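Here is the structure we will look at.
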Amino acid sequence: QVQLVESGGGLVQPAGSLRLSCTASGFTFASVAMSWYRQAPGKERELVAVISSSGTVTNYLDSVKGRFTISRDNAERTVYLQMNNLKPEDTAVYYCKRYNYPLWGQGTQVTVSS
């Protein structure tokens, strides 16, 4: 079955950290770029980070540069998003997506609040 399954969201205080995980199945994970998007209430979905198939090239939304890190483990078919120094404006549903392809995960809620 072709799918992406995310985990790791939750409630965290400002300046805290979370790590999101996304495990893939049903396609050749090691051959494709992967990405994380997010959608806050009342806002458009936005691209947060992208990682190349080998993991050697990454790109980030300007507002998360220096705080978020995307990585992948091709042997485990998993892509990660390490989020540090979280801010209330990072509150959103985070989605894993196969880059340039219409395959999305179910989303995981991240809430940053004191």
In what sequence, largest accessible area first, do 43, 65, 97 appear using a 1.4 Å probe? 43, 65, 97
If I take every Cα pair under 8 Å that is 6 or more residues apart in the chain, average their sequence separation and divide by the length, what percent do I get for the relative contact order? 36 percent
For residue 18, what accessible surface area do you get with a 1.4 Å probe? Give it in Å², rounded to 10. 30 Å²
Ignoring any ligand, DNA or RNA, what whole percent of the accessible area of the chain comes from carbon and sulfur when the probe is 1.4 angstrom? 47 percent
Counting only C-alpha contacts under 8 Å and six or more residues apart, can you give the relative contact order of region 72-114 as a whole percent? 34 percent
Please give the Cα centre distance for region 40-83 versus region 1-22, rounded to the nearest Å. 12 Å
Express the relative contact order of region 1-62 as a whole percentage, based on alpha carbon pairs under 8 Å and six or more residues apart in sequence. 24 percent
Net length gained if the chain between residue 52 and residue 30 were fully extended (0.36 nm per residue, minus Cα distance): 7.0 nm
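The values are calculated or read from the model by the stated rules, or taken from the named source; none is laboratory data. All values derive from a computational prediction rather than experimental measurement. In case anyone asks, the SASA skips ligands and DNA or RNA and just uses the protein heavy atoms, side chains included. Shrake-Rupley method; radii C 1.70, N 1.55, O 1.52, S 1.80 Å.
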